[in-house]
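Visitor: I'd like to ask you about the structure that follows.
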Amino acid sequence: MKTKKSILEQGALLIALIAVGIIPILVRVTQVNYPMSKYSWYPNVDVFFDIYTYFKSNCVIALGVMALIYLSITILKKRDWSKIKKDVVLALIAFLFIWVIVSTFFSTDLYMSLHGYIDRYESIWVWFSYFLIFMVIYSHSWNEKEAILVNRAFILLNLILSIIGLGQYFHVDVLFNPIVKPFLTSFSLINSEFNIGSAYQYNRISQTLFNSNQVGYFCSFSIPYFLNLLLNEREPKKRYFYFAFTGLLLFNLFGSIARNGLIAVAFTVPLILYLNREKFLKYFKSLKWIVLGVVAVILVGSLVMNSFIIERFGELFNPYASEQSIESIMVEGNDIKINYMASELKIAITAHSAQGWVMNYYLDDQLIEPSGIDELGRYVFDQQVLNGVSVFLQQVDSNVYFVVNMDQRNWYFGYNGDQLSYVNIYQKFDKIEKPQSIGFKGIESMGTGRFYIWSRTLPLILNHPVVGNGVDTFASQFPQEDYVGKHYIYHTTDMVVDKVHNLYLQIAYDFGLPAIIAFLALLLIYYKRFIRRNIKDDGFLKSFNISICIGITGYLVASMFNDSSVHTAPIFWAFLALSFSLVKPIAYEKK
């Protein structure tokens, strides 16, 4: 009987080790067939080659299946059944589990909810896996030996990721070189040309986490976590290791140029010093050099990046977009209405053919005529408000489009049958309109466009406040037809906004307000239990649990600017469950 119990206990440990030591590093070149051409705001492409996310997503689901089998065996044996019924934490996770099902049933894009959006693949099955992994790790009674194993797995993971990051910074392809590439690529794709060159822009580090923002998001947990272990380590050799290791992580954070991670680390450093204030005062002489060393690494990192970090922070709070001269563009029947420079330019099309178009121009309801033709053969106007505006016809393939050049961009319009419509950069007919927005007016460009995204996300949440819009459907429901807004925020009209860039808004959008309330309640219970019941002894478990709590805090701070993904979420849910388990009320423990 003891042997069977041991196997079950090892199963929980194995799931935790895979979640925090293996999942984030997984990559594989995979061909994915995904029907995206049906969307008017996306090019006619249905075949994609994914490197970082698709395989990782499937492995998270596989780990979720392992967790489900473990829980099923546990429940069938009636182990801790009373705990499952009584524990408010498990009740909240069960509620989230059920609410994800309800939300998916009412999803605004069922295919996306079941498969996840391209480059994300965070489907309903992935969220189920997060919850199942949490339940397994939370239900396990952790001892110091197991905690040390988890910590070592996390160290190894961060070490490998950091080495890959160093290679990317110095333009060394660690992943897809001739030796490693065959192990990461399916047989049919081995002879294809794949590299991670996209990570080399401005020497930016992305590791195996898809992009640099995810590196910052990952570091928002790992750097505070290891900083606290550094301050609590008693053995000199291990302390030196943690110091060098933390410096390596900081280099990767600076190399990613991800501001979310820098903000999270800056937020958690005072918290680390406060929680370790007694030790810091007691061992001031030795610990002060550690603190000064970390500060030195940060300063050197800023110099190495040639003040690019400072510039990036400047972009965060600087509304870099110029004043919007175009307020809106609308197509109504055969009329194109443009609110430009506080005036309305209306172009009424009375006839159109391959030989030419006939139209009348109105400025604030007053009939006007073009004043001449410029050197490019375009009609121009002599009204001051229309200075810099020109119109012309342009043939693209077999189609003839009417073009308005305004604000240094060509805006194309054509007939789809008898219906006048806007023509986007992919030569697809699409509607163009000003969407609903809430707040952030005039500062949408701040946060590198995040305020713009949030202002358009809030109405989507209020449209489906109870059950949400469905998991990973954001790209299909966001007003991608806001081409004018994209023109000013992103300086292009082909930008596809596919994520909220805020974990809390993401949960509210995906699953509705009840889900975000449950999630926040879960976090509130965690911090309440941590403050009341943190481990009292001064051994590794105490510093380990404090490190997790600080790491979770950093992650939650960075979550203000990032949303959940398969690259970082398994770390969060696994460590949250583990720390939760260490501060469980004694009444729930099996003695």
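The values are calculated or read from the model by the stated rules, or taken from the named source; none is laboratory data. No experiment lies behind these values; they were computed from the predicted model shown. Here the Cβ is made from the backbone with ideal geometry for all residues, glycine too, and neighbour counts use every protein chain on show. For accessibility, only protein heavy atoms count, side chains too; no ligands or nucleic acids. Shrake-Rupley method; radii C 1.70, N 1.55, O 1.52, S 1.80 Å.
Visitor: Could you check A521 against (1) at pLDDT 95 or above; (2) open to solvent by 10 Å² or more (accessible area, probe 1.4 Å); (3) closer than 25 Å to L229 by Cβ; (4) of a type in the set (G, A, S) and say which number it fails?
Guide: That leaves (3) as the condition not met.
Visitor: State which residue pairs qualify: first residue farther than 22 Å from Y54 by Cβ and modelled with pLDDT under 90 and inside segment 203-225, second residue of a type in the set (D, E, K, R) and not in a helix (DSSP H, G or I) in any location, beta carbons under 9 Å apart, and separation of 6 or more residues or different chains.
Guide: Sorted first by the residue in segment 203-225, then by its partner, the list stays empty.
Each row is one residue, and each column tells you yes or no for (1) under 22 Å from the mean Cα position of the chain (by Cα); (2) open to solvent by less than 10 Å² (accessible area, probe 1.4 Å).
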{"residue": "D430", "(1), (2)": "no, no"}
{"residue": "S437", "(1), (2)": "yes, no"}
{"residue": "E444", "(1), (2)": "yes, no"}
{"residue": "N469", "(1), (2)": "yes, yes"}
{"residue": "S476", "(1), (2)": "yes, no"}
{"residue": "F511", "(1), (2)": "yes, yes"}
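Visitor: Which ones in segment 185-202 are in contact with a strand residue (DSSP E or B) (Cβ under 6 Å, 6 or more places away or on another chain) and at pLDDT 60 or above?
Guide: Matches in segment 185-202: T185, L189.
Visitor: Just checking, how many residues over segment 219-234 are more than 11 Å from T268 (Cβ to Cβ), in contact with a helix residue (DSSP H, G or I) (Cβ under 9 Å, 6 or more places away or on another chain) and open to solvent by 10 Å² or more (accessible area, probe 1.4 Å)?
Guide: Summing the residues that are more than 11 Å from T268 (Cβ to Cβ), in contact with a helix residue (DSSP H, G or I) (Cβ under 9 Å, 6 or more places away or on another chain) and open to solvent by 10 Å² or more (accessible area, probe 1.4 Å) in segment 219-234 gives 3.
Table: residues versus (1) touching a strand residue (DSSP E or B) at 6+ places or on another chain (Cβ under 8 Å); (2) at pLDDT 90 or above.
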position: V358; (1), (2): yes, yes
position: Q366; (1), (2): no, yes
position: P370; (1), (2): yes, yes
position: I373; (1), (2): yes, yes
position: Q384; (1), (2): no, yes
position: L393; (1), (2): yes, yes
position: K441; (1), (2): no, no
position: Y452; (1), (2): no, yes
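Visitor: Moving to a separate point now. Does at least one position in segment 86-106 carry a residue that is in a loop (DSSP other than H, G, I, E, B) and among the acidic types (D, E)?
Guide: Yes, segment 86-106 contains a residue that is in a loop (DSSP other than H, G, I, E, B) and among the acidic types (D, E).
Visitor: In addition: Applying the selection to segment 346-356, what residues are at pLDDT 90 or above, surrounded by 10 or more Cβ atoms within 10 Å (Cβ to Cβ) and not hydrophobic (A, V, I, L, M, F, W, C)?
Guide: K346
Visitor: Additional query: Could you give me the residue pairs with C-beta distances under 7 Å whose first residue belongs to segment 368-380 and is closer than 13 Å to N405 by Cβ, whose second residue is at pLDDT 90 or above and loosely packed, with under 11 Cβ neighbours inside 10 Å wherever it lies, and which are 6+ apart or on separate chains?
Guide: Taking only residues 6 or more apart or on different chains, the pairs are V380/G372.
Visitor: Show me the strands (runs of 3 or more DSSP E) found entirely inside segment 377-426 where at least 3 residues are open to solvent by less than 40 Å² (accessible area, probe 1.4 Å) and of a type outside the set (A, V, I, L, M).
Guide: Those strands (runs of 3 or more DSSP E) span 399-406, 409-416.
Visitor: Restricted to segment 114-136, and to residues that are open to solvent by 10 Å² or more (accessible area, probe 1.4 Å) and under 15 Å from I15 (Cβ atoms), which residue is nearest to the chain's Cα centre (by Cα)?
Guide: Out of the qualifying residues, it is F128.
Visitor: Of the numbered conditions (1) closer than 19 Å to F572 by Cα; (2) modelled with pLDDT of 95 or more, Y54 fails exactly one; give the number of that condition.
Guide: Against the list (1) closer than 19 Å to F572 by Cα; (2) modelled with pLDDT of 95 or more, Y54 comes up short only on (1).
Visitor: Tell me, please, whether a residue that is within 30 Å of D46 (Cα to Cα), modelled with pLDDT under 90 and surrounded by fewer than 19 Cβ atoms within 10 Å (Cβ to Cβ) can be found in segment 158-168.
Guide: Among the residues of segment 158-168, not one is within 30 Å of D46 (Cα to Cα), modelled with pLDDT under 90 and surrounded by fewer than 19 Cβ atoms within 10 Å (Cβ to Cβ), which makes the answer no.
Visitor: Would you pick out the residues in segment 450-473 that are among the hydrophobic types (A, V, I, L, M, F, W, C), assigned to a loop (DSSP other than H, G, I, E, B) and touching an Asp or Glu at 6+ places or on another chain (Cβ under 7 Å)?
Guide: Correct list: V471 only.
Visitor: Going residue by residue through segment 49-58, is there one that turns out to be basic (K, R), out of contact with any Cys (no Cβ under 8 Å at 6 or more places or on another chain) and open to solvent by 10 Å² or more (accessible area, probe 1.4 Å)?
Guide: No: zero hits.
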